[in-house]
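The next block holds one structure in the form of structure tokens; read it before the comments.
What follows draws every value from the coordinates through simple rules; no lab data is involved. Small disclaimer: the values here were computed from a predicted structure and weren't measured. With ideal geometry, Cβ positions are generated from the backbone for all residues, glycine too; neighbour counts draw on all protein chains shown.
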Amino acid sequence: MRVSWSLGHWVPVLRRLPQAGRVIALTIDDAPTPDATPAMLDLLDRFQAKATFFLSGCRAEPQLDLVEDIIRRGHQVYAHGWDHVRLDKAGPARLIADMERCEALLARFRPTPHPYIVRLPQNGGYRNGVVHRALARWQPGCQFAHWGASTEDHLISPRCTRPEDVEPECRKEVERLLAAPHLPGAIVLMHDQPINERPGAEYKAAVSVTLTRLLLEGLSAGGYSFAPIAPLPAQPWWSRFILF
Ligand SMILES: [Zn+2]
């Protein structure tokens, strides 16, 4: 197990929900996109699933109606930066400027949540003390959203060469995830068309929608319910010094 130390600067890093039982926190990064978000929202509604979205400002700004729709349907939204760059490597000033710019946009549609839940592009900085300190100055009490299980959906569209490949490739990842022993209570990572330069970009929207459908079907059939990320109510003192 990896252990990182700091002089008391770690904010909580969440991977699981605090409650026991067959409940899952779906987290959707890089949203919104006009050709996937509406269908994903309809699927979430159909399975009565409330999710947590980490929105990219550069995608949200031209799609404000989608931002509003995500919130109106009862999902939680947090900033995922403005441009999808490694903010943990960009320096604290750029990190906070990007997060604040995106949050200012989201705050037009809902009050800024406290405690704030953070996930940076490519999950950067979750073991970086400088990043934790900068974020805690920006949003006191903030917590990192890591995950306990990943759909690995950013690797699906590069494997697709024909539209018929989408469903079986998504099904493979969903079946792998459903078999994970630590799945109950996990925060699950998925994307609304992951922002990257990989091949297969023309299949990204279909992958995001298909994966959402198969995942919701599989989890529901397995008796799971869905909840947004729940922040830790209190941070144990030692966890400010030791990060597992
Ligand atoms: Zn991202």
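Using the beta-carbon distance between Ala39 and Thr112 and R0 = 41 Å, what value does 1/(1 + (r/R0)^6) give for FRET efficiency, to the nearest 0.05?
0.90
From the alpha carbon gyration tensor of the stretch 4-243, can you work out the equivalent ellipsoid semi-axes (sqrt of 5 times each eigenvalue) and give them in Å, largest to smallest?
Working: eigenvalues 150, 86, 59 Å².
Over the Cα atoms of the stretch 4-243, the semi-axes work out to 27, 21, 17 Å.
For Phe53, enumerate residues with amide H under 5 Å from its amide H, sequence gap 5+ or separate chain, H modeled in the peptide plane.
Ile28, Gln76, Val77, Tyr78
Pull out a ≥ b ≥ c, the square roots of the eigenvalues of the alpha-carbon gyration tensor of the stretch 1-145, then state rounded if a/c is under 1.5, prolate if not and a/b is larger than b/c, and oblate in the remaining case.
Details: a/c = 2.04, a/b = 1.33, b/c = 1.53.
Oblate is the answer for the stretch 1-145, as a/c is 1.5 or above yet b/c matches or exceeds a/b.
How many percent of DSSP beta bridges within the chain run antiparallel, rounded to 5?
Once the DSSP bridges in the chain are tallied, antiparallel ones form about 10 percent.
Taking each full run of DSSP H in the chain as one helix, which ones are at least 15 Å long along their axis (Cα atoms) and have mean Kyte-Doolittle hydropathy of at least -1.0?
TM-like helix candidates: 92-106, 166-178, 204-221.
What size of dipole, in debye to the nearest 20, comes out for the stretch 58-116 about its Cα centre when the only charges are +1 on Lys and Arg C-beta atoms and -1 on Asp and Glu C-beta atoms?
Numbers: 9 positive and 9 negative charges, 20 e Å.
Roughly 100 debye, rounded to the nearest 20.
State to the nearest 20 debye the size of the charge dipole of the chain about its Cα centre, where the only charges are +1 on K and R beta carbons and -1 on D and E beta carbons.
Result for the chain is approximately 1040 debye, rounded to the nearest 20.
Using +1 at the Cβ of each Lys and Arg and -1 at the Cβ of each Asp and Glu in the chain, identify which of Leu44, Ala136, Gly57 lies farthest towards the dipole's positive end.
It is Ala136, whose Cα lies furthest towards the positive end.
How large is the helix-only mean residue ellipticity at 222 nm for the chain, computed as the sum of -39500 (n - 2.57) over DSSP H runs with n ≥ 4, divided by its residue count, in deg cm²/dmol to the nearest 500? Please list the in-between numbers first.
Details: 7 runs with 79 residues, N = 244.
The helix contribution divided over the chain gives -10000 deg cm²/dmol.
Rounded to the nearest 0.05, what FRET efficiency do Arg94 and Leu155 have when you use their Cβ-Cβ distance and R0 = 30 Å?
In this case the efficiency is close to 0.60.
Which of the lysines could be linked to Lys204 by a straight reach, that is with a Cα gap under 25 Å, when you skip same-chain ones fewer than 8 residues away?
Once the sequence-local lysines are set aside, what remains near Lys204 is Lys50, Lys172.
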